[in-house]
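So the structure is just underneath, and the comments pick up after that.
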Amino acid sequence: MADNKVAFELVAPERLLAKLEADMVVIPGAEGDFGVLPEHAPLMSLLRPGVISVYLGDRIDRQLFVDGGFAEVNPRGCTVLAERAQPLDEITADAARQELRDAEEDLADAKTDHERERLGRLLEIARAKVEAAEAR
């Protein structure tokens, strides 16, 4: 790891989305966003659907949307294992809004508690995607 940088990896089941050195990484933790700087105290956190922002210097270099997963910060850096992830610039607001409408319709038609729980999670992800796409 370079001096005064944090090693960052984002791994999704289908591919390694990022492996780089950053000045700071902001992660959507289950209890709120948290920033990871070099020499950050070790921690593990569940993730909520949202955007990971990778900073080089004082600017955001890239943003990646994650559906959930967990993050581990240790002396070597920060690793995020995401359920699903994609670069934010691949998400359009129109597609995200359509995904949200579809999720709302599917949830309204759900027949079982298990199905409602699963679809409720998809609705939460779709809402976060819309928010992220519209904020870009």
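Observations, loosely collected:
- If only residues of the stretch 28-63 that are charged (D, E, K, R), in contact with a strand residue (DSSP E or B) (Cβ under 6 Å, 6 or more places away or on another chain) and surrounded by fewer than 17 Cβ atoms within 10 Å (Cβ to Cβ) are counted, the one that is nearest to Leu81 (Cα to Cα) is Asp33.
- Top-ranked residue in the stretch 1-22 [being of a type outside the set (A, V, I, L, M) and assigned to a loop (DSSP other than H, G, I, E, B); ranked as most open to solvent (accessible area, probe 1.4 Å)]: Asp3
- Among residues of the stretch 101-123 that are over 22 Å from Ala85 (Cβ atoms), those with a Cβ under 7 angstrom from a residue that is open to solvent by 70 Å² or more (accessible area, probe 1.4 Å) and not acidic (Asp, Glu), sequence gap 6+ or separate chain, pair up as Leu107/Arg116; Ala110/Arg116.
- Which listed residue is buried (at least 18 other Cβ atoms within 10 Å of the Cβ) and more than 19 Å from Gln86 (Cα to Cα), from Val25, Val66, Val73: Val73
- Per-region count, the stretch 55-69, residues in a strand (DSSP E or B) and either of a type outside the set (A, V, I, L, M, F, W, C) or more than 13 Å from Val26 (Cα to Cα) (or both): 6
- Among the residues of this structure, Ala95 counts as one that is hydrophobic (A, V, I, L, M, F, W, C), exposed (fewer than 14 other Cβ atoms within 10 Å of the Cβ), modelled with pLDDT of 95 or more and not in a loop (DSSP other than H, G, I, E, B).
- Residue in the stretch 47-54 that is without any contact (Cβ under 8 Å) to a residue 40 or more places away in the chain, assigned to a strand (DSSP E or B) and over 17 Å from Leu122 (Cα atoms) present: yes
The values are calculated or read from the model by the stated rules, or taken from the named source; none is laboratory data. Everything numeric in this text was worked out from a predicted model, so none of it was measured. Methodologically, a virtual Cβ is constructed for each residue, glycine included, from the backbone with ideal geometry; neighbour enumeration extends over all protein chains shown. Each accessible area value is taken on the protein alone, full model and side chains, heavy atoms only, with ligands, DNA and RNA left out. Shrake-Rupley method; radii C 1.70, N 1.55, O 1.52, S 1.80 Å.
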